[in-house]
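Just below is one structure, and these are the notes that go with it.
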Amino acid sequence: MKFIRQALPTLMMAAALLASTAAHAQFKNAEHAAKYRQGAFTVMAVHFGNIGAMVNGKKDFDAKQAEVDANAVKALSALPWAGFGPETEYLETKALPEIWLEKEKFLAAATKLQTATSNLAAVAKTGDAAKLKVAFGQTAKSCKACHDAYKE
Ligand code: ASC
């Protein structure tokens, strides 16, 4: 158990690398890769926004819907990173050069988001709205940290 816990960050990085290699092969060119990552972020924001509306009282809380949304956020949060390949570095987007200058730091932040979204999905499954509000806040913090550092 202790070994697993110690090895977890390494295993997660390895999994992320594998996932990025797999997705990378599908891109036609740099523009396509950027469109892919932007699409993943766009869809993720819709589902994350649904949860936000529910936990902030702008929409009635629907546990089943929250679970669907959280599962979508979790799955989508694994995807965009493959779209930040070196060939996309010089495209004109809101992505800042620091992404490519500090790639390891950027990917560590991406891994942090995925930890937060895994927790979000696990909490959504319990149907506890108060706990989901907390998990939503933690995930939003992770989104924001990356936007502050890496998004124009
Ligand atoms: C959202 C959304 C984001 C994050 C971010 C959190 O709902 O679309 O990008 O939350 O604003 O600070």
Inset, instruction - Mind giving me the FRET efficiency for residue 46 and residue 101? R0 is 25 Å, r the Cβ-Cβ distance, nearest 0.05 is fine. - result: 0.25
Inset, instruction - Subtracting the Cα-Cα distance from 0.36 nm times the residue separation, let me have the gained length for residue 152 to residue 94 in nm, one decimal. - result: 20.4 nm
Inset, instruction - Distance check, please: which entries in 64/112; 35/131; 28/105 exceed 29 angstrom between their Cα atoms? - result: 35/131
Inset, instruction - Go ahead and run the numbers for FRET between residue 128 and residue 87, Cβ-Cβ distance against an R0 of 30 Å, rounding to 0.05. - result: 0.10
Legend entry - Net charge contributed by nearby residues that have their C-beta within less than 13 Å of residue 77 (K/R +1, D/E -1): +2
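What order do you get for 81-89, 26-34 when each peptide is scored by the mean count of other beta carbon atoms within 10 Å, highest first?
Numbers: 81-89: 18.3, 26-34: 14.6.
Averaged packing, sorted descending, gives the order 81-89, 26-34.
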Legend entry - Ranked 76, 96, 132, 120, criterion: other C-beta atoms within 10 Å, fewest first: 96, 76, 132, 120
Legend entry - Likely footprinting exposure, 77, 118, fewest C-beta neighbours within 10 Å first: 118, 77
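Any read-out appearing in this document is the output of simple, stated calculations on the displayed coordinates, not a laboratory observation. Quantities reported herein were computed from a predicted structural model and do not represent experimental measurements. All Cβ positions, even for glycine, are placed from backbone atoms using ideal geometry, and neighbour counts span all protein chains on display.
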